[in-house]
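Chemist: Quick one: the structure is below, and I'll ask about it shortly.
We did not get these values from a lab; they are worked out from the coordinates using the rules stated. All figures in this text were calculated on a predicted structure; none of them were measured in a lab. For neighbour counting, all protein chains shown are included, and Cβ atoms are generated from backbone atoms with ideal geometry for every residue, glycine included.
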Amino acid sequence: MDIEIASIRDLPHYDQDIENEPPAVVKEFKSKVAAADAVLWATPEYNYSIPGVLKNAIDWLSRVDKVMIGKPSLIVGASRGALGTVRAQQHLRDILYSIGVSSPIMLGNEVYIGAVHEKIDENGNLTHEPTVAFLDQVVENFVSWCKQAQHQK
Ligand SMILES: Cc1cc2nc3c(=O)[nH]c(=O)nc-3n(C[C@H](O)[C@H](O)[C@H](O)COP(=O)(O)O)c2cc1C
């Protein structure tokens, strides 16, 4: 599997007036997502939800060519607190199920990494073995599930 980061840093605010001919940075972002077999959403939690910039990115994806429809999603998140972004992920799932996004999400493989500051080293690498093993298992499950979904098309 190859993983590419699709940066949302430079995306402008979503604007319906220009959605048919958006700035190049939006076109590139949408093309990158369109070309992917699946999307891994790694989100922090901001005020019990996803960051506004992530919602903005999804709003772009949900319009015109609607590049997320049918494309599988896996959500992961980590926080210093105990809940590991559970509230943000709840909102993100709702958004991913909206009509313009319609992204299938594998059930039973939710990733909430709490107390993450105790599980990473000074370079941000995950060093907590049980968490690494859990993530390996979830990714394996996700890849098999995506392949099955491909067969069903
Ligand atoms: C505006 C804002 C709101 C936040 N709200 C929450 C929250 O509701 N729940 C939570 O667990 N963390 C919250 N945090 C902490 C972030 O999820 C994150 O842990 C923090 O910004 C550190 O970023 P890092 O994980 O990239 O190091 C918030 C941070 C910011 C900047």
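Chemist: Once you have a ≥ b ≥ c as the square roots of the Cα gyration tensor eigenvalues for region 70-153, tell me rounded if a/c is under 1.5, and otherwise prolate or oblate according to whether a/b is larger than b/c.
Modeler: Here region 70-153 falls in the oblate category.
Chemist: Over all distinct Cα pairs, what is the inverse of the mean 1/r for region 22-95, reported as the Kirkwood hydrodynamic radius in Å?
Modeler: Value: 13.1 Å, from the Cα pair sum.
Chemist: Please give the FRET efficiency for Asp37 paired with Lys66, using the beta carbon to beta carbon distance and R0 = 22 Å, rounded to the nearest 0.05.
Modeler: About 0.85, to the nearest 0.05.
Chemist: Over the Cα atoms, compute the radius of gyration (one decimal) and Dmax (the largest Cα-Cα distance, rounded to a whole number) for the chain, in Å.
Modeler: In order Rg, Dmax, the Cα atoms of the chain give 16.0, 49 Å.
Chemist: To the nearest 0.05, how large is the calculated FRET efficiency for Leu83 and Glu21 if R₀ is 35 Å and r is the Cβ-Cβ distance?
Modeler: After rounding, the FRET efficiency stands at 0.25.
Chemist: Arranged from highest to lowest average of other beta-carbon atoms within 10 Å per residue, in what order do the peptides 58-65, 139-146 appear?
Modeler: Order by mean packing, descending: 58-65, 139-146.
Chemist: Of the candidates Ile113, Ile75, Ile18, which one comes out as most mobile in a Gaussian network treatment of the chain with C-alpha springs shorter than 10 Å?
Modeler: Ile18
Chemist: Mind jotting down the distance between the C-alpha centroids of region 89-132 and region 35-67, whole Å?
Modeler: After rounding, the separation between the Cα centres reads 14 Å.
Chemist: Let me ask another. Rounding to the nearest 20 debye, state how big the charge dipole of region 52-153 is about its Cα centre with +1 on each Lys and Arg Cβ and -1 on each Asp and Glu Cβ.
Modeler: Once rounded to the nearest 20, the dipole reads 540 debye.
Chemist: Can you give the charge dipole size of region 114-153 about its Cα centre, rounded to the nearest 20 debye, using +1 on the beta carbon of Lys and Arg and -1 on the beta carbon of Asp and Glu?
Modeler: 420
Chemist: Just to be sure I follow the rule: in the chain, considering lysines 8 or more places apart or on different chains, how many pairs have Cα atoms under 16 Å apart?
Modeler: For the chain, qualifying lysine pairs total 9.
Chemist: Follow-up. Calculated FRET efficiency, Glu28 and Ala115, Cβ-Cβ r, R0 41 Å, to nearest 0.05?
Modeler: 0.65
Chemist: Rounded to the nearest 10 degrees, what's the angle between the helix 86-96 long axis and the longest principal axis of the chain, both from Cα atoms, 0 to 90?
Modeler: It is inclined by approximately 30 degrees.
Chemist: Continuing with the same structure: Would you mind checking the tilt of helix 52-61 against the longest principal axis of the Cα atoms of the chain, expressed as 0 to 90 degrees and rounded to 10?
Modeler: 50
Chemist: Taking the chain as a Gaussian network, Cα atoms linked when under 10 Å apart, which of Val132, Val111, Val33 shows the biggest mean-square fluctuation?
Modeler: Evaluated over the chain, the most mobile residue of the options is Val132.
Chemist: If you don't mind, another one. Compactness ratio of region 62-108: Cα Rg over 2.2 N^0.38 Å, N = residue count?
Modeler: Computed over Cα atoms of region 62-108, the ratio equals 1.28.
Chemist: Just grab the label-to-label distance for Arg93 and Ile3, each label 7 Å out from Cα along the Cβ direction, in nm (one decimal).
Modeler: Taking the two extended label points, one gets 2.1 nm.
Chemist: How large is the helix-only mean residue ellipticity at 222 nm for the chain, computed as the sum of -39500 (n - 2.57) over DSSP H runs with n ≥ 4, divided by its residue count, in deg cm²/dmol to the nearest 500?
Modeler: -12000 deg cm²/dmol
Chemist: If you average the sequence gap of Cα pairs under 8 Å that are 6 or more apart and divide by the length of the chain, what percent do you get for the contact order?
Modeler: It rounds to 20 percent for the chain.
Chemist: Separate question: Thr127 versus Ala149, label points 7 Å from Cα toward the beta carbon: distance in nm?
Modeler: 3.5
Chemist: Inverting the mean 1/r over all pairs of different Cα atoms, compute the Kirkwood radius of region 83-123 and quote it in Å.
Modeler: Roughly 12.1 Å, rounded to one decimal.
Chemist: Measure nothing fancy, just the Cα-based angle from helix 24-35's long axis to the longest principal axis of the chain, in degrees from 0 to 90, nearest 10.
Modeler: 60
Chemist: With an 8 Å cut-off on Cα pairs and a minimum separation of 6 or more residues, tell me the relative contact order of region 67-153 in percent.
Modeler: That works out to 31 percent.
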